[in-house]
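Heads up: the structure comes next, in structure tokens.
The values are calculated or read from the model by the stated rules, or taken from the named source; none is laboratory data. Small disclaimer: the values here were computed from a predicted structure and weren't measured. Quick reminder, even Gly has a Cβ in these numbers, built from the backbone with ideal geometry, and neighbours come from all protein chains shown. We work out accessible area using only protein heavy atoms, side chains counted, and drop any ligands, DNA or RNA first. Shrake-Rupley method; radii C 1.70, N 1.55, O 1.52, S 1.80 Å.
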Amino acid sequence: MASQSTGIQQLLKAEKTAAEKVAEARKRKNRRLKQAKEEAQAEIDAYKAQREKQYKRYEQSVLGSRGDMESKIDQNTKQKIQEISMGVAKNKDRAIKEFLDLVLSIQPQVHKNLVPKV
């Protein structure tokens with residue numbers, strides 16, 4: 001009976017050792033998975049930053065910097081305003097004269113749709 005008890009004790013000890021090894025293996029597996037996720041996230045972040053830099057360079061090469069675009073638009077607007085102002089100054093007197101001529105030289109006429117009543 002003592003030998004059976006010793007055999008049972010050895011089996012229980014072996015089972016406990018196996019359970020500990022399995023638990024340790026699960027912990028290692030979980031640590032490896034966590035580490036792999038962190039490495040993958042770091043790699044994704046690095047790739048994302050690289051693509052963002054590449055996009056910014058492309059955007060700047062194609063569109064130029066935002067400040068350049070704003071200054072070009074401002075310069076173009078000022079030039080158009082100046083051209084319009086010059087056109088107004090050039091044609092102002094003639095436009096006022098034509099307007100006054102039209103207002104002051106009214107020719108009363110009967111409308112063409114008016115049918116005279118007999």
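Do we find that GLN10 is of a type outside the set (Phe, Trp, Tyr), modelled with pLDDT under 95, out of contact with any Lys or Arg (no Cβ under 9 Å at 6 or more places or on another chain) and loosely packed, with under 10 Cβ neighbours inside 10 Å in this structure?
Numbers: of a type outside the set (Phe, Trp, Tyr): yes; modelled with pLDDT under 95: yes; out of contact with any Lys or Arg (no Cβ under 9 Å at 6 or more places or on another chain): yes; loosely packed, with under 10 Cβ neighbours inside 10 Å: no.
So GLN10 fails the test.
Name the single residue, out of those in region 101-116 being hydrophobic (A, V, I, L, M, F, W, C) and part of a loop (DSSP other than H, G, I, E, B), that is most open to solvent (accessible area, probe 1.4 Å). Quick ask: steps written out before the conclusion?
In the first step, residues of region 101-116 are kept if they are hydrophobic (A, V, I, L, M, F, W, C); the result is 102-104, 106, 110, 114-115.
The next check asks that each one be part of a loop (DSSP other than H, G, I, E, B); those that pass are 106, 110, 114-115.
On the way: ILE106: 127, VAL110: 109, LEU114: 111, VAL115: 111 Å².
Only one residue tops the list, namely ILE106.
Can you say whether LYS37 is surrounded by 10 or more Cβ atoms within 10 Å (Cβ to Cβ) and charged (D, E, K, R), as far as the supplied structure shows?
Numbers: surrounded by 10 or more Cβ atoms within 10 Å (Cβ to Cβ): yes; charged (D, E, K, R): yes.
Taking the combined requirement at face value, the residue satisfies it.
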